[in-house]
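The values are calculated or read from the model by the stated rules, or taken from the named source; none is laboratory data. Quick caveat, the model's predicted, so the values are computed rather than measured. So basically every Cβ, Gly included, is an ideal-geometry build from the backbone, and we count neighbours across all protein chains shown. The area values use the complete protein model at the heavy-atom level, side chains included, leaving out ligands, DNA and RNA. Shrake-Rupley method; radii C 1.70, N 1.55, O 1.52, S 1.80 Å.
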Amino acid sequence: MTHIDPLKGCRVLILEDEYLVGDDLANALRSLGAHVTGPISHVAEALSLNHDCFDVAVLDINLRGHSSYPFADELARMDKPFMFMTGYGAETIPDRFRHVHRREKPYLLADAIDNIAELCSEVRSPVAA
């Protein structure tokens, strides 16, 4: 599997209000060596985190009626890699986030892990070959 090494030691924040969805993802990532914060279900809690405690973030867009876009804006401002895992289609994503990778729910866990591994690889490969 190509995604094991990029995840080993990668610090992943999960912002997801469906506990079982977030917990399944967190457990899968931990089993591959990632350090996981969350799942967190409130944008305010995510905004209050020290952003040095995670490398990449996975965001559900709708968190019990509240949008995660303010947190996504903060991550973009800090140039911190993130992706959306949401039930929303691409047409509902604001233009400023059209470039952000998105997995539509329901998603295959293996595909989501591969996407997160890609984000982790981006963080770890500032050195050009």
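In this structure, is Val58 assigned to a helix (DSSP H, G or I), touching a residue at least 24 places away in the same chain (Cβ under 8 Å) and closer than 12 Å to Val12 by Cα? Taking the combined requirement at face value, the residue does not satisfy it. Those residues that are of a type in the set (Lys, Arg) and part of a loop (DSSP other than H, G, I, E, B), I need them from the range 82-100; list them, please. Matches in the range 82-100: Arg98 only. Can you tell me which residue in the range 71-129 is most open to solvent (accessible area, probe 1.4 Å), limited to those that are of a type in the set (A, V, I, L, M) and modelled with pLDDT under 90? Per the criteria, the residue is Ala129.
Within the range 70-96, the set of residues being within 18 Å of Glu122 (Cα to Cα) and among the aromatic types (Phe, Trp, Tyr) comprises Phe82, Phe84.
Among residues of the range 16-34 being closer than 19 Å to Arg102 by Cβ and not in a helix (DSSP H, G or I), the one that is least open to solvent (accessible area, probe 1.4 Å) is Glu16. Here the condition is being over 20 Å from Thr86 (Cβ atoms) and in contact with a Gly (Cβ under 9 Å, 6 or more places away or on another chain); of Ala26, Ala46, Ala34, it holds for Ala34 alone.
The set of residues from the range 13-40 being over 14 Å from Ala57 (Cβ atoms) and in contact (Cβ under 8 Å) with a residue 24 or more places away in the chain comprises Asp17, Glu18, Val21, Asp24, Ala28, Leu32, Gly33. Applying a threshold of 6 Å to beta carbon distances and a minimum spacing of six or more residues, or different chains, the list of pairs starting in the range 65-81 at a residue that is hydrophobic (A, V, I, L, M, F, W, C) and ending at one that is open to solvent by 70 Å² or more (accessible area, probe 1.4 Å) reads Phe71/Leu47.
Here's the yes/no breakdown for (1) in a loop (DSSP other than H, G, I, E, B); (2) in contact with a Phe, Trp or Tyr (Cβ under 8 Å, 6 or more places away or on another chain):
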| site | (1), (2) |
| --- | --- |
| Gly9 | yes, no |
| Ile14 | no, no |
| Val36 | no, no |
| Ala46 | no, yes |
